[in-house]
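Novice: Sending over a structure as structure tokens; questions will come in a sec.
Read-outs throughout are calculated quantities, based only on the coordinates presented, and are distinct from any laboratory measurement. Source: prediction; values computed, not measured. Virtual Cβ from ideal backbone geometry, glycine too; neighbours counted across all protein chains shown.
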Amino acid sequence: MKQKKIKFIVLGTSYFTLACAKAILDAGCEISLMVTLPKTLLPLCSANIMKFSESQGLPWIESEDINSEKTLTYLRKYNPDYIFSSWPMILKEKILKLPKYYCIGSHPTDLPHNRGRHPLHWLIILGYQESKISFFVMTEGVDSGDLISQESFQISSTDTIREVNESMNVAAYRGIITLCRNLLAGERLVRVSQEKEQANHWRKRGLFDCIIDPRMSAEAIIKLVRSFSPPYPCVKLIASENKVLNIESAEFVNFQDEIALKRKEPGSILSVMKKYIVIKADDKPVKLNTLEVISQSFFEKNRYVYPPLKYLETVKAM
């Protein structure tokens, strides 16, 4: 008996989207259409969906508004069994009801815990050592649909946002392979409703979350840097009235004279070289590796990095 083909439409813009699309194909399902945003609307660190689609012989389109009647009319032509979405905006009811069965969404936390915005960044900031990529039946609520699969991934104490993304993508590939193979085998996916009383929602991160305050602990600064390191635009150290440094990485360092160190205020500049600055954080020294070259004259003119509020006009101009 010929195995039934299962058809997906895949919506998304990211490397996560590509990992899941590859898993759908590798499991033996079909992708009828890939949908991405126009280049001018793509979020940070987006993938080349067009290049992937053409390499796989898949049709693709760009949509400025995924919920528009124009896009919906086009998608209906493909009569999908499922839509897999990692779209960076909310899907409305009409598109959620478009596939034969349902739309599958995902979120890289152990739902119902930690719903909401910028989850990978918050996972690093809050010191999580493990998380899960949760797949669920999408509803109009935020990350609130019935769970159909979860895959764990690890987060080490040195992982940057790039490495956490990679670990998540590997787990997502694994999860989608299993999910699709179960569908092809004719198995009905078990749907587990989320316990609403267990849910919390993480807020959107903004510019002010990405500015180092020397009164933070060294560990908090390092986690902040890891959470917004390349390919993201880096956290900022406002080093003076007219100097903002992009911090690429950070690490603990020793200071030999502990008695002298104890007398220094948070923000004291301990040393400066071409591509790094060492400051005293709240509790210990931290080395901040910069994208920019720092001149020695900067150290001669500046002995402290002050809290960001001192540089309010600089912050407003960022």
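Novice: What's the total number of residues in segment 176-206 that are touching a helix residue (DSSP H, G or I) at 6+ places or on another chain (Cβ under 8 Å) and either closer than 21 Å to PHE228 by Cβ or part of a helix (DSSP H, G or I) (or both)?
Specialist: Going through segment 176-206 one residue at a time, the tally reaches 5.
Novice: Looking only at segment 261-293, how many residues end up being assigned to a strand (DSSP E or B) and either closer than 21 Å to TYR232 by Cβ or β-branched (Val, Ile, Thr) (or both)?
Specialist: 11
Novice: Is it the case, given these coordinates, that ALA47 is assigned to a loop (DSSP other than H, G, I, E, B), surrounded by 13 or more Cβ atoms within 10 Å (Cβ to Cβ), in contact with a helix residue (DSSP H, G or I) (Cβ under 8 Å, 6 or more places away or on another chain) and among the small types (Gly, Ala, Ser)?
Specialist: yes
Novice: I'd like the residue in segment 1-30 that is of a type in the set (S, T, N, Q) and crowded, with 20+ Cβ neighbours inside 10 Å and, out of all such residues, is nearest to ILE61 (Cα to Cα).
Specialist: THR13
Novice: Could you run through segment 64-113 and say how many residues are touching a residue at least 12 places away in the same chain (Cβ under 8 Å) and part of a loop (DSSP other than H, G, I, E, B)?
Specialist: Of the residues in segment 64-113, 24 are touching a residue at least 12 places away in the same chain (Cβ under 8 Å) and part of a loop (DSSP other than H, G, I, E, B).
Novice: Would you please name the residue that is surrounded by the fewest Cβ atoms within 10 Å (Cβ to Cβ), looking only at residues in segment 211-258 that are polar (S, T, N, Q), in contact with a strand residue (DSSP E or B) (Cβ under 8 Å, 6 or more places away or on another chain) and over 14 Å from THR160 (Cα atoms)?
Specialist: Only one residue fits best here, namely ASN254.
Novice: Could I ask something else about it? Of all residues in segment 1-51, which are free of Cβ contacts under 8 Å to residues at least 24 places away in the same chain and either among the charged types (D, E, K, R) or under 24 Å from ILE161 (Cα atoms) (or both)?
Specialist: Hits for segment 1-51 are LYS2, LYS39, THR40, LEU41, ASN48, LYS51.
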